[in-house]
């Protein structure tokens, strides 16, 4: 039985891509590696997931941080990721309305793949030097991929960090919710902790080289700050 006119209109009005509407190349092979690459193997896809995972939620921010990617390619990749259930698109009311992209649980489950790529890169490509990349990139990516979910079980906290000498990323919010880290550019209300620091102080805190109060001006519990800091430290 075909769709009624009302059903067709509702589907079109939603603006959400349906799998049949997304054109893509496929390996057309039953191998699980091939089928996974059908979803994750396109150029830019893993870097878009990296940026969503590390706190970028707006189309323009992602485009700006993936130098060399065209707007059409980003739109295509986001539609594919949404159709595959890795990304959720939300439209917030306002003038103008704001569209944000966030990872679903399925999207967040790609994190171990990215961690494996980081480990392989360390061994075969070379180490990561936070001094040769933009501070904005290092501030969001290093915590995202240093975070240990097992050390964050039971922690529910929101920490806002103001970085005085980084105009591009002056304020970040790092929210921990029962084993998950949710970074977001800009401060958010209801923070449990506020740390005013410099870029060097921020990295000293994340790397565990000094306590929060030694890294800057801490407002809030030193004990909670230490518990959050421990979530980024290897044993």
Per the list (1) part of a helix (DSSP H, G or I); (2) touching a residue at least 40 places away in the same chain (Cβ under 8 Å); (3) within 22 Å of residue 107 (Cβ to Cβ), residue check on residue 225 breaks on (3)
Of the residues in the stretch 164-177, those that are within 19 Å of the chain's Cα centre (by Cα) and surrounded by 18 or more Cβ atoms within 10 Å (Cβ to Cβ) come to 169, 172, 173, 174, 175, 176
Across the stretch 51-70, the tally of residues that are in a helix (DSSP H, G or I), modelled with pLDDT of 95 or more and in contact with a helix residue (DSSP H, G or I) (Cβ under 6 Å, 6 or more places away or on another chain) stands at 4
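State all residues of the stretch 84-111 that are part of a helix (DSSP H, G or I) and either touching a helix residue (DSSP H, G or I) at 6+ places or on another chain (Cβ under 8 Å) or surrounded by 11 or more Cβ atoms within 10 Å (Cβ to Cβ) (or both); if no residue qualifies, say none. If you could, list the steps in order and put the result at the bottom.
Let us first name the residues in the stretch 84-111 that are part of a helix (DSSP H, G or I), namely 105-108, 111.
Listed by number, the residues that qualify are 106, 107, 108, 111.
The values are calculated or read from the model by the stated rules, or taken from the named source; none is laboratory data. Computed from a predicted structure; not experimentally measured. Glycine also receives a Cβ, built like all others from the backbone with ideal geometry; neighbour counts cover every protein chain displayed.
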